[in-house]
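These notes concern the structure reproduced below.
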Amino acid sequence: MASQRIARIVWSLVVVLAGAGLAVADEPAIGNFSVLQISDIHVDPHLARTGEPGPLRSGETIRWVCEQAAQPQEVTPYHLTAPPPAFVLATGDLTEYGVIDDTWAIFERALHDLPCPLYVLPGNHDNTWVAMYQIMRKRYGGENYSFDKSGCHFVCLCSASPQEPLPTIDAKTRTWLKADLDRTPAGTPIFVALHHPPYSEEFANPAEMETLVDLLRNYNVVMLLYGHGHQASFHDVGGIPGVMGGATWGDQAGYGLLSVQDGQVRYAYRYQHGGPGAKGQADAGPTWKGLYEAPLPRAARPRLFEIEEPRADVATSGEKLAVKLTLRGGAEAVSERGVTFRIDGKEIEGSQLGDSALAVELPLKEVVAGAHLLCVTMKLPNKTTDTRTRVFYVDRPGTAVVWRKQLPAAVKAGPVVAGELLIVARNDGIVTALDRHDGAEQWVFSTGGEILGTPAYMDGTLVFGSGDGKVYALDGRGGSPRWTFEAGPAVYGSPLVADGTVFIGDNGGRLHALNLADGKPRWTFDRADYSIEDQPAVWQDMVVFGAWDGYVYAVARSDGQLRWKTYGPKSSENKGNRYFAPADCGPIVIDDTLFVCDRGYMLGAYSPAGELRSKWSPNAAALAPAADRRTFYVRSTEDHVSKVDPKGEAVWQTAIPAGRFPIPPTVGHERVWFCSNRGRLSVLDEKDGHEVWSYQATPGFYVMAPVAVDGQAPAGAGPACYIAGMDGSLTAVRQR
């Protein structure tokens, strides 16, 4: 087999690579310093309408951390006295439910007595319910930032997705990261901090982890620092040391200490009360746990090889993929079973091409049309390993790629077809209009914050909210501004336009009704206790919407006065629990019934008076009305889509890749257009639900935006559809 033939890397490569990574002449001196890491503090929320906050969950430990940060550290596992920490790094989940009202002020007060600078980054708990991008911009200029200390470079990455609990290292973050690392002088020791461990299955692995590690291995990344798992542990992350920084509460309460001293890098964790093994021992004192010790590297780990083929810009239409590797360091051969190949995470056996052990063909018979990820791992006899990645594309009969673009930022908002234009709003705050036929840029408009809600387009006007706290209206044809409304909090809600009025929610829990013509406020509902990000629905003389406080709201369409509020389907079982709120997929109306699904993936039917008539547990993640307005579609977390009647009975059900993102299907041209969590487009016949066409739009990266579909199709061809990914990919594709 090819992998057996490929395995004979000569010891000349081992010797050459063993010599790499040694200190170079005149390299800058690295000072001795230490860094204190805390993680997963989970400060409880505090609403403006309530009284004084209660006791801080991590209060005792935080006070102890503030005291310890002023003192030299006697790190007993390494018989080391480290200097007082130069700074404190908090690696996410700073809050329990995001930064609503006074919550961030409580966090800052808790750490006010730190004797050194504090650097923070968001976790999933900080970004799901009331995202903290505005705070990150104010403190550091953005959610991704870096700084230098004593000859080392520290990088803080946001792995927490915007208003979504599953993590991503999205296109905006990757674009920023590569530019930052390219500016860093070669050989500089680099420490990368993020909330989620890159090996977490919550990521879109292998697309997320292996492509990230492939990028980081080009630089002298010494260590990854992360949290999320509420424990202190070490993990080898694709050849890069990684440590998890515990928590500040429970039996893991404590802090991690990173020490760079006398040419060595060390990491140890200090439990405040003895750690997990000291349960029940009230008098257990602080104890240390050593996690990592090694010489501080002064050069990047050597890369073993390059992927020469396939080329990223050439699609293959056959049933085999030609792969050609180029060894680095003058090697000529490879060791037994030293190379493995994976396509989309699945290991593939190939066949050798000619006499070259580094040229193989991999079978593609089961690979669908679209984007895919090739991962190649090489292992030397001395156990040194390297992994390289390459995105490649497969063409198949029946599918025509109209055009494809790679954007420098992710897209969570759905693209909008506006006449001859496709308008795309990105999470770097930029709106761009493209010619929908060839993808050529027509105009660009920039805001001061991320755009997460799908814009509304009505009568030539494009309306959307931004993380900078404003609602914008643009001339959709030319991109010039028509008006701006200052909401204050970030505006992540998807707007609804009805009868000349824009209805849109913000992260302060307010729903605004604005005049479409000039942006003047007609009324503001003040307020839900948590953010409003779903698209409202107009129902009789009411506007209805869900919020992250666990409630469904109905307000008067005329003046915004509250008509009723009631628990969401799942929240009705646990008194408004925010984890299961009906907040990220907008409700729909069928006749006299309001249908709502929530983060508990339960479907509920409500009367005009707000009575919860019935509820089902079909693992519903998103809803969309059918073209007949008598039935509707349900996206299921169990990988199927159903067409459902008002009684909750399935008209049909089709098994397709789906997932739990709250993205409703797109309905048009007698088809139902649907994209899975990981970029698989499925197009179903609306009558019987059979799959008529599919396409892999991303190589496994998450897709959090609805599919956009052309209003008209050319003669003899299907309509073009547009899929935007968190990897920055934007694909226009149609069925032949």
Within the stretch 235-276, residues under 30 Å from MET378 (Cα atoms), buried (at least 24 other Cβ atoms within 10 Å of the Cβ) and out of contact with any Leu (no Cβ under 6 Å at 6 or more places or on another chain) come out as MET244
Answer from LEU36, LEU47 - the residue that is within 29 Å of the chain's Cα centre (by Cα) and at pLDDT below 95: LEU47
Go through the residues of the stretch 72-80 one by one and say whether even a single one is crowded, with 16+ Cβ neighbours inside 10 Å, within 28 Å of ASN144 (Cα to Cα) and touching a residue at least 24 places away in the same chain (Cβ under 8 Å). no
Answer with yes or no whether ALA160 is under 12 Å from the mean Cα position of the chain (by Cα) and at pLDDT below 95. no
Name the single residue, out of those in the stretch 169-191 being in contact with a His (Cβ under 9 Å, 6 or more places away or on another chain) and not in a loop (DSSP other than H, G, I, E, B), that is nearest to GLY227 (Cα to Cα). PHE191
Go through the stretch 595-714 and tell me which strands (runs of 3 or more DSSP E), entirely inside it, have 1 or more residues that are of a type in the set (Asp, Glu) and within 30 Å of PRO206 (Cα to Cα). 691-696
Among (1) crowded, with 21+ Cβ neighbours inside 10 Å; (2) touching a Ser or Thr at 6+ places or on another chain (Cβ under 9 Å); (3) within 18 Å of VAL367 (Cα to Cα) - the single one GLN696 does not satisfy: (2)
Residues that are modelled with pLDDT of 90 or more and surrounded by fewer than 21 Cβ atoms within 10 Å (Cβ to Cβ), at least 1 per element: which strands (runs of 3 or more DSSP E) completely within the stretch 349-392 meet that? 356-363, 370-379
Which of the residues that make up the stretch 228-270 are among the polar types (S, T, N, Q), closer than 16 Å to HIS42 by Cα and touching an Asp or Glu at 6+ places or on another chain (Cβ under 8 Å)? THR248
Go over the candidates PHE545, PHE503, PHE525, PHE464 one by one and state the one that is among the aromatic types (Phe, Trp, Tyr), at pLDDT 95 or above and under 17 Å from ALA131 (Cβ atoms). PHE464
Of the residues ALA253, ALA204, which single one is touching a residue at least 60 places away in the same chain (Cβ under 8 Å), touching a Phe, Trp or Tyr at 6+ places or on another chain (Cβ under 8 Å) and within 25 Å of LYS346 (Cα to Cα)? ALA204
Give VAL192, VAL237, VAL213, VAL221 a once-over and let me know the one that is under 19 Å from VAL88 (Cβ atoms) and β-branched (Val, Ile, Thr). VAL192
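Of these, LEU225, LEU257, which one is in a strand (DSSP E or B), of a type in the set (A, V, I, L, M) and farther than 28 Å from LYS172 by Cβ? Give the steps one after another, and end with the answer.
Working: LEU225 fails: farther than 28 Å from LYS172 by Cβ.
Unique residue meeting the criteria: LEU257.
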Of the listed residues (TYR140, TYR145, TYR133), the one being of a type in the set (Phe, Trp, Tyr), more than 30 Å from ALA29 (Cβ to Cβ) and modelled with pLDDT of 95 or more is TYR133
Can you tell me which residue in the stretch 145-165 is farthest from PRO198 (Cα to Cα), limited to those that are surrounded by fewer than 22 Cβ atoms within 10 Å (Cβ to Cβ) and free of Cβ contacts under 8 Å to residues at least 60 places away in the same chain? ASP148
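The values are calculated or read from the model by the stated rules, or taken from the named source; none is laboratory data. Values in this document were obtained by computation on a predicted structure and should not be read as measured data. Because the Cβ atoms are built from the backbone with ideal geometry, glycine has one as well, and the counts that use them run over all protein chains shown.
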